[in-house]
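Novice: I have a structure I would like to understand better, so I am pasting it below and will then ask my questions one at a time.
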Amino acid sequence: MTLVDHRAAVTAGATVRSLAEAALERVGDDALHAFLELDRARILADADALDRRRAAGETLPLAGVPVAIKDNLCQRGTKTTCGSRMLAEWEAPYDATVVARLRDAGALLFGKTNMDEFAMGSSTENSAFGPTRNPKDPERVPGGSSGGSAAVVGAGWVPMALGSDTGGSVRQPAAYCGVHALKPTYGRISRFGLVAFASSLDQVGPFGATAADCAALYDAIAGPDPREATSADRPVESGTAALEAGVAGLRVGVLRSTFRQSDGAVAQVVEDAARKLEAAGATLVDATVDHLDLGLDAYYLVAPAEAASNLARFDGARYGTRVSGRDLADTYRQTRALFGPEVVRRIVLGTYALSEGYADEAYVRASRARTALCRSYARTFEGVDLLLSPTAPTVAFPLGARTEDPVAMYAADVFTVPVSLAGLPASSSPAGEVGGLPVGVQLVAPPFAEARLFSAMQVFDR
Ligand code: GLN
């Protein structure tokens, strides 16, 4: 059921409560382990409150549609665990700006979704509470780190969900689960109330069963926020209004190098997706972005460096769970032991990258590579309106296949990470399937051209 179906049902007289009950029934006992919290009583009480708002004559843009929320976004009165034992019992005392905006728009907040611990991972297997399964094949991963959010939309349980994307965490799971998602321009969507991983990269992003659903969710949450220092102070172009604009006259740059780096069958499906844009009136040209190959290396220095600083606050004294030890040092040691192995790896890597004598070789060089990458994108966008590549080089891999090999795991983000370093908006849309498993096509746009992305995403739903 999409937002359009949902709105039609409400207009025809269905209550938000009856639609919420139907959604809860679809979820059943959550066989995918996509939710970390699903408080049925609270969801039904909230649905009743939305029905009262409607009865009082209020127009609700999101009409009580259920939206699932990644568990690193604060939602008042629910736990916000970040998939970590460190925050296993922590209850958010306030709403993230995006969550507050969803309440205002009349969405039904529908459970908190599973994720890799502190959003570090590409498969949701780094969750301290066990992995999520892919809705198209339960023996495979849903991608990550927003795997729970992608899975609940891919399963058809709810039409929309929120995730966060630092290096690919909404786009890559969207590709693996066969749904649409968008990572906005850095600064376009508020991060107030999003638990920080790597602050120069983190962005909140919408998932939707259709491009229209993704656009409606984007429209409800995007825009300036005085409570967020990096929030961009400029008006938002409506994603919904852009849906019907089409792609006639747009120049789409095809990043050939990414096709060669992908599984052959995946590349073929994405090639067909490019042809679809051409058939809809776009012009295809071959494009290159210099230094694209530096993306992963630069990201795995910059992101851990920022993570090491951001996660320093979880010391058991000021933030996070406290494990009391013999003395202060022992308390710190035992408390920090609550972090899982991938989080520890990132903290060690990040501390190394920033340490005296090594920072020039590591962090500073990575930052230079990042600047070079930003400039290359800007040069490429002088000649094209959008860039096209596969979202990921393969389809969803089997559970456990990459857990022993971090470098293989990191490679799942090879096409999404450079875009994050450059702060550009990008989408992933379902392009087709290989062996019954979804393939995603990634589109990248210049800063603040999200509307253009929605115009193109819509083509893949026709
Ligand atoms: N998979 C990447 C990582 O592990 C990206 C994660 C993300 O975007 N949150 O860091």
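The values are calculated or read from the model by the stated rules, or taken from the named source; none is laboratory data. A quick note: this is a predicted structure, and the numbers were derived from the prediction, not measured. Neighbour counts run over all protein chains shown; Cβ positions are idealised from the backbone, glycine included. SASA here: full protein model, heavy atoms, side chains in, ligands and nucleic acids out. Shrake-Rupley method; radii C 1.70, N 1.55, O 1.52, S 1.80 Å.
Novice: Any residue in region 114-137 that's in contact (Cβ under 8 Å) with a residue 12 or more places away in the chain and of a type in the set (Val, Ile, Thr): show its pairings with residues that are within 16 Å of the ligand (Cβ to nearest atom) and open to solvent by 10 Å² or more (accessible area, probe 1.4 Å) at Cβ separation under 9 Å, as long as the two are six or more apart or on different chains.
Specialist: Within 9 Å, the pairs are 124/131; 132/125.
Novice: Among 453, 421, 399, which is the only one that is open to solvent by less than 40 Å² (accessible area, probe 1.4 Å) and either closer than 19 Å to residue 138 by Cα or touching a strand residue (DSSP E or B) at 6+ places or on another chain (Cβ under 6 Å) (or both)?
Specialist: Residue meeting the stated conditions: 453.
Novice: Just name the residue that is nearest to the ligand (Cβ to nearest atom) out of those in region 122-150 that are under 12 Å from the mean Cα position of the chain (by Cα) and either farther than 18 Å from residue 404 by Cα or open to solvent by 10 Å² or more (accessible area, probe 1.4 Å) (or both).
Specialist: Filtering region 122-150 for residues that are under 12 Å from the mean Cα position of the chain (by Cα) and either farther than 18 Å from residue 404 by Cα or open to solvent by 10 Å² or more (accessible area, probe 1.4 Å) (or both), the one nearest to the ligand (Cβ to nearest atom) comes out as 146.
Novice: Restricting attention to region 233-265, report how many residues are under 19 Å from residue 185 (Cβ atoms), open to solvent by 20 Å² or more (accessible area, probe 1.4 Å) and either in contact (Cβ under 8 Å) with a residue 12 or more places away in the chain or small (Gly, Ala, Ser) (or both).
Specialist: 9
Novice: Hey, another quick one. Would a scan of region 235-251 turn up a residue that is more than 21 Å from residue 64 (Cα to Cα), of a type in the set (Val, Ile, Thr) and not in a strand (DSSP E or B)?
Specialist: yes
Novice: Mind listing whichever residues of region 53-90 are touching a strand residue (DSSP E or B) at 6+ places or on another chain (Cβ under 9 Å), of a type in the set (Gly, Ala, Ser), closer than 24 Å to residue 126 by Cβ and assigned to a loop (DSSP other than H, G, I, E, B)?
Specialist: 83, 88
Novice: Condition check: open to solvent by 60 Å² or more (accessible area, probe 1.4 Å) and either among the polar types (S, T, N, Q) or modelled with pLDDT under 95 (or both). Does residue 345 satisfy that?
Specialist: No.
Novice: Right, another one. Select from region 179-197 the residues that are in a loop (DSSP other than H, G, I, E, B) and buried (at least 24 other Cβ atoms within 10 Å of the Cβ) and list them in ascending order.
Specialist: 179, 184, 188, 190, 191, 195, 197
Novice: Which residues, taken from region 274-291, are part of a loop (DSSP other than H, G, I, E, B), open to solvent by less than 80 Å² (accessible area, probe 1.4 Å) and under 14 Å from residue 444 (Cβ atoms)?
Specialist: 289
Novice: Any chance region 72-79 includes a residue that's within 16 Å of the ligand (Cβ to nearest atom) and in contact (Cβ under 8 Å) with a residue 12 or more places away in the chain?
Specialist: yes
Novice: Turning to a different aspect of this structure: For region 266-273, does any single residue satisfy the condition of being open to solvent by less than 50 Å² (accessible area, probe 1.4 Å), not polar (S, T, N, Q) and not in a helix (DSSP H, G or I)?
Specialist: Scanning region 266-273, I find no residue that is open to solvent by less than 50 Å² (accessible area, probe 1.4 Å), not polar (S, T, N, Q) and not in a helix (DSSP H, G or I), so the answer is no.
Novice: When you scan region 96-105, how many residues do you find that are surrounded by fewer than 20 Cβ atoms within 10 Å (Cβ to Cβ) and not in a helix (DSSP H, G or I)?
Specialist: So the count comes out to 1.
Novice: Further question on the same structure: Answer yes or no: is there a residue in region 178-192 that is within 16 Å of residue 2 (Cβ to Cβ) and over 12 Å from the mean Cα position of the chain (by Cα).
Specialist: yes
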